[in-house]
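Contents: one structure, followed by commentary.
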There are 4 protein chains.
Amino acid sequence: MTDVPVGGDNYNELIGLELVEVSADRVTARLEVTPKLHQPYGIMHGGVYCSAVETVASVGGATWFSGRGVVVGVSNHTNFLRATREGVLTVVATPVHRGRTQQLWGVKITDEQDRLVASGEVRLANITDAAQIGG
Amino acid sequence: MTDVPVGGDNYNELIGLELVEVSADRVTARLEVTPKLHQPYGIMHGGVYCSAVETVASVGGATWFSGRGVVVGVSNHTNFLRATREGVLTVVATPVHRGRTQQLWGVKITDEQDRLVASGEVRLANITDAAQIGG
Amino acid sequence: MTDVPVGGDNYNELIGLELVEVSADRVTARLEVTPKLHQPYGIMHGGVYCSAVETVASVGGATWFSGRGVVVGVSNHTNFLRATREGVLTVVATPVHRGRTQQLWGVKITDEQDRLVASGEVRLANITDAAQIGG
Amino acid sequence: MTDVPVGGDNYNELIGLELVEVSADRVTARLEVTPKLHQPYGIMHGGVYCSAVETVASVGGATWFSGRGVVVGVSNHTNFLRATREGVLTVVATPVHRGRTQQLWGVKITDEQDRLVASGEVRLANITDAAQIGG
């Protein structure tokens, strides 16, 4: 099997998430808070934080598991600590646990003043049989 | 204060989430899985499930708390149970707990075959002072 | 392999959790709030709710997976909705998702007035190789 | 009001959790894995990890909020990363976010070989009106 994704990174492009640094030990991304990401109160929709958390954790887990298979998200737990209206956010994922069948990654999102605006955790399943994905 | 949001529902429009039914006891939405919502493996990005969970729970909580203030998301915990590539999903939120200062809503997402594809839970803070939002 | 536990149910005896009904679709237990379960404010320690949630979910998952292997807890997410000082609580687990490799069970804890005092969710891994446990 | 708890620390004594270091920035505890904490497979019951997580986070949050009121647990999310049968565990809590109305603390539990056996997160509500507790 190949563990190289073949599709485009459509959703991350849709929300404007840009990967800055990718390794098996740390993934960093950049996300600009723009009006298209707002919910009706004029602040960034909580789902965008979750999405950023999901992406960087998944990229980290996939990088670590590369050559053995792929990873799929099992659960996402994101805390919203500070509302944002604009500016550029920094999203950083580091591993909590990288096991044989599952991984757990922690993610911190900070604003331009280096204040923590969200934190999250993603559980990933290590999949060695690609036929299990999206079946 | 007013508790009526004044901005547009930009992010939900971006991902194509459409509210179908809104009450203080139940919120239902429709979400079509389209390629723009995919991650590189060609399945829907987990963050979109989280986003759908976040929206319907927040709309339910805001509807229940309407007239007293607004609600903001505190945390979102979403489980991914089945990958999807296409089709129309149904997203349903019901309250677990509606307290004086916080609410907890549970959300189920099902596909066209009525299979559970994701489940989540959102904690909301009831805010009576609008100045606290996005400060 | 055998999937029948051989040890005593020590910890559940320690906290006084008693199983009332056990099936692959639903597990019910009874827990009396006694002073030995209190934290210093004189209310039941949050960890006891988590423990009750963990037990009933695990028993349900183990019952469903019986004959194929055992289950081990992967994560526990418990919400504390109402403090309790005394009385008998009812703990009920039902399945959210029972998959090939993992299960997700939801748990509700109610008091004698049938008020929801805690709710939780446990993720379980289905283990077919007993050597993986407690290694 | 007083924010000094008056009851005994009954439940922590029951499970044998001993506080080692307490400050507003870090709490450390010691927990010995003994047979009374086992579930039927002969490994420590997951609820005990949750309980240890709950205690150290709560003590940290209460210490930080001391003089202004008390804290109560809102939710507990604990991941089980490695089963344990015996030995002494070290439990360390550090703050993720300490806000006006809520706090979020992260907890790591390691074994004698310094391996991570569990990690968790506790959300606490800051309560300035003691009458709200255990009502």
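The values are calculated or read from the model by the stated rules, or taken from the named source; none is laboratory data. Source: prediction; values computed, not measured. Glycine gets a Cβ as well: all are built from the backbone with ideal geometry, and neighbour counts include every protein chain shown.
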Inset, instruction - Collect the residues in segment B:56-82 that are in contact with a Leu (Cβ under 8 Å, 6 or more places away or on another chain), facing chain A (nearest Cβ under 7 Å) and buried (at least 24 other Cβ atoms within 10 Å of the Cβ), keeping them in residue-number order. - result: B:73, B:79
Inset, instruction - Find the residue count for segment C:83-103, including only residues that are under 14 Å from residue C:48 (Cβ atoms), surrounded by 17 or more Cβ atoms within 10 Å (Cβ to Cβ) and among the basic types (Lys, Arg). - result: 0
Inset, instruction - Determine which single condition residue D:106 fails, assuming it passes every other condition in (1) in a strand (DSSP E or B); (2) within 12 Å of chain C (Cβ to nearest Cβ); (3) under 11 Å from the mean Cα position of the chain (by Cα). - result: (2)
Inset, instruction - Would you tally the residues in segment B:39-55 being surrounded by fewer than 24 Cβ atoms within 10 Å (Cβ to Cβ) and not small (Gly, Ala, Ser)? - result: 3
Inset, instruction - Determine the pairs where a residue that is at pLDDT below 95, located within segment D:108-135, has a partner that is charged (D, E, K, R) and in a loop (DSSP other than H, G, I, E, B) with Cβ atoms under 6 Å apart, the partner being 6 or more residues away or on another chain. - result: D:134/C:85
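Okay, residues lined up against (1) within 18 Å of residue A:119 (Cα to Cα); (2) within 11 Å of the chain's Cα centre (by Cα); (3) of a type outside the set (Val, Ile, Thr):
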residue: A:13; (1), (2), (3): no, no, yes
residue: A:19; (1), (2), (3): yes, yes, yes
residue: A:23; (1), (2), (3): no, no, yes
residue: A:26; (1), (2), (3): yes, no, yes
residue: A:38; (1), (2), (3): no, no, yes
Inset, instruction - Name the one entry in A:92, A:88, A:53 that is away from chain B (no Cβ under 12 Å) and in contact (Cβ under 8 Å) with a residue 60 or more places away in the chain. - result: A:92
Inset, instruction - Examine segment A:117-124 for a residue that is over 24 Å from residue D:108 (Cα atoms) and either outside any loop (DSSP other than H, G, I, E, B) or at the interface with chain B (Cβ under 10 Å from one of its Cβ atoms) (or both), and state whether such a residue exists. - result: no
Inset, instruction - Could you please find all residues in segment B:50-79 being closer than 24 Å to residue B:36 by Cα and in contact with a Phe, Trp or Tyr (Cβ under 6 Å, 6 or more places away or on another chain)? - result: B:57, B:78
